[in-house]
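**Student:** Starting off with a structure, shown below.
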Amino acid sequence: MPHDSPPQSRSPEELAERTVTMHTDPRFLELKRRLTVFVFPMSVAFLVWYLLYVLMSAYARGVMGTVLFGTVNVALVFGVLQFLSTFGIAVLYSRYANRRLDPLAGQLRDELTGGDGTSDAPQTAAPKGDVR
């Protein structure tokens, strides 16, 4: 039995033109804004937290060497907290993206590619009327 691939709904040229046009779509601009609203503050906060750890390790050795209990000192706790905060930010981003980014991105992708929601990528339906 021959296998025919489904007809492509748009030519490559039309897809390229629609992609360029999509960059000025208010929904795409909103998607970029939503991403920036999360990524920029989290990046700044983590960078400040990391630099605090580095600067204290370099210039506040007495504080960082303070033993809290047994052989655990402040520097070790700060180091472990660096890893925990990294994983915490990843979990927060995943939840944020699932709730605020993925529905709108899926909607835009389907509109751009003429998809019918049957692609291999996971789909999340956007709440009705939610373009914030």
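**Student:** Residues in the stretch 22-41: is at least one part of a helix (DSSP H, G or I), polar (S, T, N, Q) and within 30 Å of GLY114 (Cα to Cα)?
**Tutor:** So far as the stretch 22-41 goes, yes, one or more of its residues are part of a helix (DSSP H, G or I), polar (S, T, N, Q) and within 30 Å of GLY114 (Cα to Cα).
**Student:** Taking TYR96 as meeting all but one of (1) without any contact (Cβ under 8 Å) to a residue 40 or more places away in the chain; (2) surrounded by 10 or more Cβ atoms within 10 Å (Cβ to Cβ), write down the number of the exception.
**Tutor:** (1) is the only condition that TYR96 fails.
**Student:** State yes or no: is LEU52 in contact (Cβ under 8 Å) with a residue 40 or more places away in the chain and either more than 21 Å from the chain's Cα centre (by Cα) or within 23 Å of ALA97 (Cα to Cα) (or both)?
**Tutor:** Answer is no for this residue.
**Student:** Enumerate the pairs (first residue in the stretch 13-39 and under 20 Å from ARG95 (Cα atoms); second residue anywhere and hydroxyl-bearing (Ser, Thr, Tyr)) with beta-carbon separation below 7 Å, excluding pairs fewer than 6 apart on the same chain, so at least 6 apart or on different chains.
**Tutor:** Close Cβ pairs (under 7 Å, with a partner that is hydroxyl-bearing (Ser, Thr, Tyr)) amount to PHE38/TYR93; PHE38/TYR96.
**Student:** Quick check on my filter: what residues within the stretch 47-93 are open to solvent by less than 90 Å² (accessible area, probe 1.4 Å) and under 30 Å from PHE28 (Cβ atoms)?
**Tutor:** Residues satisfying the conditions are THR86, GLY88, ILE89, ALA90, VAL91, LEU92, TYR93.
**Student:** Find the residue count for the stretch 77-93, including only residues that are free of Cβ contacts under 8 Å to residues at least 40 places away in the same chain and out of contact with any helix residue (DSSP H, G or I) (no Cβ under 7 Å at 6 or more places or on another chain).
**Tutor:** The number of residues fulfilling the criteria is 10.
**Student:** Would you be able to tell me the number of residues in the stretch 42-73 that are of a type in the set (S, T, N, Q) and in a loop (DSSP other than H, G, I, E, B)?
**Tutor:** Summing the residues that are of a type in the set (S, T, N, Q) and in a loop (DSSP other than H, G, I, E, B) in the stretch 42-73 gives 2.
The values are calculated or read from the model by the stated rules, or taken from the named source; none is laboratory data. Model, not experiment: these values are computed from the prediction. With ideal geometry, Cβ positions are generated from the backbone for all residues, glycine too; neighbour counts draw on all protein chains shown. These accessible areas exclude ligands, DNA and RNA; they are computed on the full protein's heavy atoms, side chains included. Shrake-Rupley method; radii C 1.70, N 1.55, O 1.52, S 1.80 Å.
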